[in-house]
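Data first, discussion second: the structure below is written as structure tokens.
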Amino acid sequence: MINQDIKDASAEFWQSSIPHISIDSVVFGFSNNELNVLLLKIKEDENWILPGGYLQKDEAIDDAAKRILFERSGADKIFLNNFGVFGNLNRSESYFVDYPDDLWHKQRFITIGYYALVDQTRVNPVTDVFSDRCEWVPVESNPKMVMDHEIILKKALSTLREHISYKPIGYNLLPETFTLPELQGLYEAILGEKLNRGNFYRKMMRYDILIKLDEQRKGGAYKSPNLYKFDEEKYKIALSGLNW
């Protein structure tokens with residue numbers, strides 16, 4: 001039996017949202033040299049789900065994706081990339097087979113996939129009426145997911161790995177200042193493999209998007225590495241010039 005909160009939400013969606021279109025976002029964060037993804041655990045269920053929602057009748061698709069993520073995390077400075085549309089038959093309907101036929105969620109939905117890059121330290125995960133946990137999960141942990149959300153997650157990761165080969169990544173995932181080893185650690189976490197340090201540093205310098213600071217990362221037994229930050233204007237130019 002579904003609870004009253006879900007019934008109320010369903011009735012509200014019927015009035016405010018466009019039928020048959022949903023948005024699911026794969027939200028990537030980075031912490032302790034580990035790539036993480038923001039997931040929700042469904043109430044009274046061991047399955048996990050991507051943060052998602054519905055397109056309102058008076059809303060552009062990109063604006064809907066930003067709104068949904070803000071509601072989920074409070075993050076407003078995020079990078080969003082539309083990476084695919086998922087519309088296989090029964091991709092969502094079968095999950096709600098035991099629910100009443102007039103429930104909004106039981107319709108057939110075509111979902112638009114976004115991946116988001118956020119500063120994990122600035123996100124405060126929020127649950128909703130359907131979930132009892134919302135938290136960062138290591139991307140390689142492979143939790144059990146509902147519907148086709150595992151497929152969406154894997155597609156987002158493969159798209160990010162493709163983009164990282166020819167586009168700068170890191171502005172939304174790293175703190176304001178960082179070292180080159182920390183930047184390399186981010187790339188290695190995304191790609192799932194070790195990179196040659198010299199080749200990586202040369203590639204980053206060719207982008208011409210880094211500003212070397214007159215300070216170093218203190219601590220450790222070895223020489224303190226230099227700190228860098230992204231040149232925001234050059235970073236934007238690099239992205240736009242590469243049709244990001």
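Here, each number is a calculation from the coordinates, and none is a lab measurement. As the structure is a computational prediction, the values presented were derived from the model and not from experiment. For neighbour counting, all protein chains shown are included, and Cβ atoms are generated from backbone atoms with ideal geometry for every residue, glycine included.
Sorted fewest first by neighbouring Cβ atoms within 10 angstrom, V137, V123, V27 come out as V137, V123, V27. Near T177, once Lys and Arg are set to +1 and Asp and Glu to -1 for all other residues with Cβ below 11 Å from its Cβ, the sum equals 0.
Label positions at K194 and I110, each projected 7 Å from the Cα along the C-beta direction, are separated by 4.7 nm.
Across the chain, the longest piece that holds none of the GluC sites (Glu not before Pro) lying in DSSP loops with up to 10 other C-beta atoms within 10 Å covers 47-175.
Measuring against 21 Å, Cα to Cα, the residue pairs K7/K144; K212/K236; K167/K203; K144/K194 contain K7/K144; K144/K194 as the ones spanning a longer distance.
In this structure, N90 and K203 have a Cβ-Cβ separation that, at R0 = 30 Å, corresponds to a calculated FRET efficiency of about 0.10. Sorted fewest first by neighbouring Cβ atoms within 10 angstrom, H149, H105 come out as H105, H149.
3J(HN,Hα) couplings calculated from phi for the stretch 53-58 with the Karplus curve 6.51 cos²θ - 1.76 cosθ + 1.60 (θ = phi - 60°) are, in sequence order, x, 10, 7, 6, 5, 10 Hz; Gly and Pro show x.
A Förster radius of 35 Å, combined with the Cβ-Cβ distance separating N33 from K7, puts the computed FRET efficiency at roughly 0.20. One decimal place: the segment R133-R67 gains 21.8 nm when fully extended, by the rule 0.36 nm per residue minus the C-alpha distance. Between N47 and T121, the contour length at 0.36 nm per residue exceeds the alpha carbon distance by 24.1 nm. Per-residue Cβ neighbour counts within 10 Å put V85, V146 in the sequence V85, V146, beginning with the fewest.
For the residues D102, D148, D76, a GNM of the chain with alpha-carbon springs under 10 Å puts the largest fluctuation on D102.
Taking amide H positions as modeled 1.01 Å from N, with prolines and chain starts lacking one, the residues under 5 Å from L35 and 5 or more places away or on another chain are V139.
Sparsely packed loop sites in the stretch 39-140 (the trypsin sites (Lys or Arg not before Pro) outside DSSP H, G, I, E and B with at most 14 other Cβ atoms within 10 Å) comprise K57, K77, R108. Rounded to whole numbers, the Karplus 3J(HN,Hα) couplings from phi for the stretch 201-212 are 4, 5, 4, 5, 5, 5, 5, 6, 10, 9, 10, 7 Hz, using 6.51 cos²θ - 1.76 cosθ + 1.60 with θ = phi - 60°, and x at Gly and Pro. Computed from backbone phi with θ = phi - 60° and the Karplus coefficients 6.51, -1.76 and 1.60, the 3J(HN,Hα) list for the stretch 131-137 is 10, 10, 9, 9, 7, 7, 10 Hz; x is used for glycine and proline. Between L213 and K234, the simple spin-label model (points 7 angstrom out along Cα→Cβ) gives 1.6 nm.
What does the extension gain come out to for E176 and H20, with contour length at 0.36 nm per residue minus their alpha carbon separation? This chain segment gains 52.2 nm when fully extended. Its Cα centre serving as origin, the chain has a Cβ charge dipole (Lys and Arg +1, Asp and Glu -1) of approximately 1260 debye. The trypsin sites (Lys or Arg not before Pro) of the stretch 173-211 that DSSP puts in a loop, and whose beta carbon has at most 14 other beta carbons within 10 Å, are K194.
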